Structure formats: structure tokens, C-alpha cells
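Structure record follows, encoded as C-alpha cells.
The values are calculated or read from the model by the stated rules, or taken from the named source; none is laboratory data. Treat the numbers as computed from the prediction; the structure is a model and nothing was measured. Here the Cβ positions follow ideal geometry from the backbone for every residue, glycine too, while neighbour counts run over all protein chains shown.
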């Protein structure tokens with residue numbers, strides 16, 4: 001019974017856990033957030049807030065770079081910690097600036113907050129052995 005309650009019958013693998021986290025968060029960011037922004041930019045229909053006083057389009061291009069290129073790099077484990085650093089910065093801006101650090105109510109930044117936590121873990125832990133970085 002103790003073995004069942006502590007799940008000791010499941011193998012432990014930090015590297016497999018990091019691979020799962022990288023692929024899950026990276027693919028979700030790319031597909032659910034970055035791809036739509038990229039297609040909107042290409043179609044000329046994208047609107048983005050001017051968070052830094054430099055215009056919405058430069059901020060949109062920076063977000064697309066991070067949410068598409070860095071997310072893809074994260075999935076394959078290429079330059080993982082640098083990609084995670086860019087993603088941490090982007091999710092930090094999204095949570096603190098775009099959503100005002102709100103975790104509940106309309107216009108909250110809950111998703112940015114959750115992504116931020118996952119990317120911080122990857123930034124600190126690295127890619128693990130199942131990555132291009134380790135090859």
C-alpha cells in the first residue's frame with residue numbers, strides 16, 4: 001500500500017520531466033499564442049499595445065520572436081536557457097505590464113503567470129539530457 005501511495009512504482013526521471021515541461025510549454029506558447037500573432041502580422045490585421053512607448057508593431061515583433069522562435073528552440077532544447085530567459089522576460093512583461101499583475105477578474109494575467117513559472121523552472125534547471133544542447 002505504501003508503494004502505491006507514494007507512487008514508487010513509477011520511475012523518476014528529472015530529464016524526462018524537463019523534456020515534458022519544455023515540449024508542453026514551448027509547443028503551447030508557439031501554437032496558442034505566437035502563431036496567431038505571426039499570422040496577424042503577415043495579414044496586416046494584428047493590433048498590439050504600445051507598452052514601452054516605441055509603438056505597438058516593434059513590441060509585437062519582439063513578442064512574435066519570443067513566442068515563435070524561442071518557443072520552438074525550447075521544444076527541441078536548443079539554446080534552452082537563453083530561450084527560457086527571453087520567454088521569462090516576455091511573460092514578465094505580459095503579466096506585470098499588460099495585465100497589471102492581476103490574477104483574477106476580467107483581463108487577468110493568470111496564463112502569463114503560469115507560463116512565467118514554468119519558464120523560470122527551465123531557466124534554472126536547464127534542458128536536461130533529452131535536448132539538442134546535450135548532444
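Here is how the numbers come out for the structure above:
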| read-out | value |
| --- | --- |
| Residues within segment 42-63 that are more than 20 Å from residue 87 (Cα to Cα) and touching a residue at least 12 places away in the same chain (Cβ under 8 Å), tallied | 1 |
| Helices (runs of 4 or more DSSP H) wholly inside segment 1-67 containing at least 2 residues that are under 23 Å from residue 113 (Cβ atoms) and modelled with pLDDT of 85 or more | 14-29, 35-43, 56-64 |
| Some residue of segment 120-131 being outside any loop (DSSP other than H, G, I, E, B), touching a residue at least 60 places away in the same chain (Cβ under 8 Å) and within 13 Å of the chain's Cα centre (by Cα) | yes |
| Some residue of segment 82-94 being within 18 Å of residue 22 (Cα to Cα), under 14 Å from the mean Cα position of the chain (by Cα) and part of a loop (DSSP other than H, G, I, E, B) | no |
| Residue match in segment 76-86 (condition: surrounded by 20 or more Cβ atoms within 10 Å (Cβ to Cβ), at positive phi and at pLDDT 95 or above) | yes |
